[in-house]
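Everything below concerns the one structure shown next.
The values are calculated or read from the model by the stated rules, or taken from the named source; none is laboratory data. Note that the structure is predicted; figures quoted are calculated from it, not measured. Note that each Cβ is placed from the backbone with ideal geometry, even for glycine, and that neighbours are counted across all protein chains shown.
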Amino acid sequence: MKDPFEAAAEEQDSPPESPIPAEEDVAVAVDVDEEEADAPSQPQASAPPGPAGAGGGGKGKEEDEEEEEENMDVEFGKFPSGGDPDKMAKMQAILSQFTEEQMSRYESFRRSGFQKSNMRRLLTSITGSQKISIPMTIVVSGIAKMFVGELIETARIVMTERKESGPIRPCHIREAYRRLKLEGKIPKRSVPRLFR
Amino acid sequence: MHNSSSSGPPAKPRVGTSQASEASLKRKRGVFQKDLQHMMYGFGDDANPLPETVSLVEDIVTEYITDMVHKAQNIATKRGRLLTEDFLYLVRKDPPKLRRSSELLAMHEELKLARKAFDVNEDSLANAE
């Protein structure tokens, strides 16, 4: 198995790929299209720090300073190892064209995440032990966030097919979950779940 | 017909928080609610996602994480402790997730080193006075 740090040095693309390519002719999914269009390029451009402050304050990341720093770094993209000037220039060009709503959504996309403390508590309760390292919470949070992304994007695709609009409803999520299961993106339970 | 066994959604009362820290199936609802609302908006939902949708996504994600951890534990017990690498192994077939996880780990290491260097500088400055 490759050393993860070697892999990080080689690989460059970070954002999750959408399950299905963007639909061009749907008004509702405009913002989703923008993000899916961004997906192949790398979101390492320095996002404007101004509105970020207001948005970041309410995200409940008061405690973990480490978490705050990590999100800030992701925002301002100072990774020389991944900094492809071409991609960064493209990203900057795209970002400069964003409407206010698109920028707000993109900011939420970059800055949102699971609270480290909550994640650690959940992992501890699942494993029943205390040996939850910080890197482990980081990795699980990252994987879980991408999974949420897959769910929501698939749910939007479902809505598009059904020609519905507005906030996502549980039925869309359930259909999205069913489709992800068919794609094999949901870990299968070797032991069936009792007592639901 | 009333089913008196402990079935149904894990909607445990918040009173028993001190007991919840013990290894149990108790799960508070809405633990990730705030985070999820922002996340769902970022990924394409409405600015104010429906509460029932957020709850459902939280349930799904918690189940996903639980299943992942159990799978990781199954792999890990052959070797010993549960390690971060076990999770990387789990997502090896999902290139975006693997790349992102590796990137996050690398960032974390960089930050650690940067902070260490900062502390060393602080110390040497303090000693110089």
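Given the structure, is residue B:115 outside any helix (DSSP H, G or I) and exposed (fewer than 15 other Cβ atoms within 10 Å of the Cβ)?
No, not satisfied.
Here is a yes/no grid of residues against (1) among the hydroxyl-bearing types (Ser, Thr, Tyr); (2) within 30 Å of residue A:103 (Cβ to Cβ); (3) at pLDDT 90 or above:
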residue: B:41; (1), (2), (3): yes, yes, yes
residue: B:44; (1), (2), (3): no, yes, yes
residue: B:59; (1), (2), (3): no, no, yes
residue: B:67; (1), (2), (3): no, no, yes
residue: B:83; (1), (2), (3): no, no, no
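Kindly indicate whether residue A:127 is in contact with a Leu (Cβ under 8 Å, 6 or more places away or on another chain) and β-branched (Val, Ile, Thr).
Judged against the criteria, residue A:127 is a match.
From (1) at the interface with chain B (Cβ under 7 Å from one of its Cβ atoms); (2) touching an Asp or Glu at 6+ places or on another chain (Cβ under 7 Å), pick out the condition that doesn't hold for residue A:173.
Of everything listed in (1) at the interface with chain B (Cβ under 7 Å from one of its Cβ atoms); (2) touching an Asp or Glu at 6+ places or on another chain (Cβ under 7 Å), residue A:173 misses just condition (2).
Exactly one of (1) more than 22 Å from residue B:86 (Cα to Cα); (2) assigned to a helix (DSSP H, G or I) is unmet by residue A:163. Its number?
In the conditions (1) more than 22 Å from residue B:86 (Cα to Cα); (2) assigned to a helix (DSSP H, G or I), residue A:163 misses (2) alone.
Matching residues to (1) in contact with a Pro (Cβ under 8 Å, 6 or more places away or on another chain); (2) modelled with pLDDT of 95 or more; (3) aliphatic (A, V, I, L, M):
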site	(1), (2), (3)
A:129	no, no, no
A:141	no, yes, no
A:147	no, yes, no
A:157	yes, yes, yes
A:175	no, yes, no
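Starting from region A:138-154, take each residue that is more than 7 Å from every other protein chain (Cβ to nearest Cβ) and list its partners that are assigned to a helix (DSSP H, G or I) and surrounded by 24 or more Cβ atoms within 10 Å (Cβ to Cβ), counting only C-beta distances under 7 angstrom and pairs at least six apart or across chains.
Listed by first residue and then by second, the contacts come to A:154/A:176.
Report yes if residue B:48 is within 28 Å of residue A:103 (Cβ to Cβ) and surrounded by fewer than 16 Cβ atoms within 10 Å (Cβ to Cβ), otherwise no.
yes
Does residue A:108 fit the bill of being among the polar types (S, T, N, Q), within 20 Å of residue B:104 (Cβ to Cβ), part of a helix (DSSP H, G or I) and in contact with a Phe, Trp or Tyr (Cβ under 8 Å, 6 or more places away or on another chain)?
yes
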